[in-house]
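What follows is a single structure, written as structure tokens, with notes after it.
The values are calculated or read from the model by the stated rules, or taken from the named source; none is laboratory data. In this text, all values refer to a predicted model and were calculated from it rather than measured experimentally. Backbone-built Cβ (ideal geometry, glycine too); neighbour counts: all protein chains shown. To get the accessible areas, we keep the full protein, side chains included, count just its heavy atoms, and leave off ligands, DNA and RNA. Shrake-Rupley method; radii C 1.70, N 1.55, O 1.52, S 1.80 Å.
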Amino acid sequence: MSGTITLPALGDTLPNIPLVDAAGGTSRVMDGIGDHGGVVFFMRTSTCPVCRAHVRELQRMSDAGLLRGASAIVITPGGAVEAAAVARRTTLRVFASGERHRDVGLGRFLALQHSGTFVVDASGRVLAQRASALPTSSFSRREILSALG
């Protein structure tokens, strides 16, 4: 794989990658996006403490109604075991992507998995995106709220 990370640009459609849930069931990213769009957070790992803090913040935002009806979806690398580890800590929908983070532009660089946040409309069109090899830079409450308008 190339060292170049190419995220879907604003206005592009987020790739509808296959996912697995904590019970081993399969779906795709867009299966969880409702009529009001969604916020899709891709974790660096299921055990990353910074990513877990982002999941908690996304949960607080959702619980407070700040997402304005948008779905909140969390995706970790790995399989059902990793999805279950995250799902135990939140009521948000949690999935695992296997090794498919790369298909949305979140590759690895120097062995570090990139994490990122995408805000999409109901059709999957990217309204905002943020990604980084450093998980502290892969989530912005302000950007999410701004994109959801």
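Does Arg56 satisfy being open to solvent by 40 Å² or more (accessible area, probe 1.4 Å), within 25 Å of Ala147 (Cβ to Cβ) and modelled with pLDDT of 95 or more? Yes, satisfied.
Annotation: Leu7 fulfils all but one of (1) in contact with a Phe, Trp or Tyr (Cβ under 9 Å, 6 or more places away or on another chain); (2) assigned to a loop (DSSP other than H, G, I, E, B); (3) open to solvent by less than 20 Å² (accessible area, probe 1.4 Å); the unmet one is (3). Residue check: Gly65 meets all listed conditions (1) touching a residue at least 24 places away in the same chain (Cβ under 8 Å); (2) on the phi > 0 side of the Ramachandran plot but one, namely (1). Residue count for segment 33-44 under the criterion of being crowded, with 18+ Cβ neighbours inside 10 Å and in a loop (DSSP other than H, G, I, E, B): the result is 3.
Scanning segment 106-143 for residues that are in contact with a Pro (Cβ under 6 Å, 6 or more places away or on another chain) and of a type in the set (Gly, Ala, Ser) yields a single hit, Ser115.
Residues checked against (1) buried (at least 18 other Cβ atoms within 10 Å of the Cβ); (2) part of a helix (DSSP H, G or I); (3) without any contact (Cβ under 8 Å) to a residue 24 or more places away in the chain:
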{"residue": "Arg60", "(1), (2), (3)": "no, yes, yes"}
{"residue": "Ala72", "(1), (2), (3)": "yes, no, no"}
{"residue": "Val94", "(1), (2), (3)": "yes, no, no"}
{"residue": "Gly116", "(1), (2), (3)": "yes, no, no"}
{"residue": "Leu127", "(1), (2), (3)": "yes, no, no"}
{"residue": "Glu143", "(1), (2), (3)": "no, yes, no"}
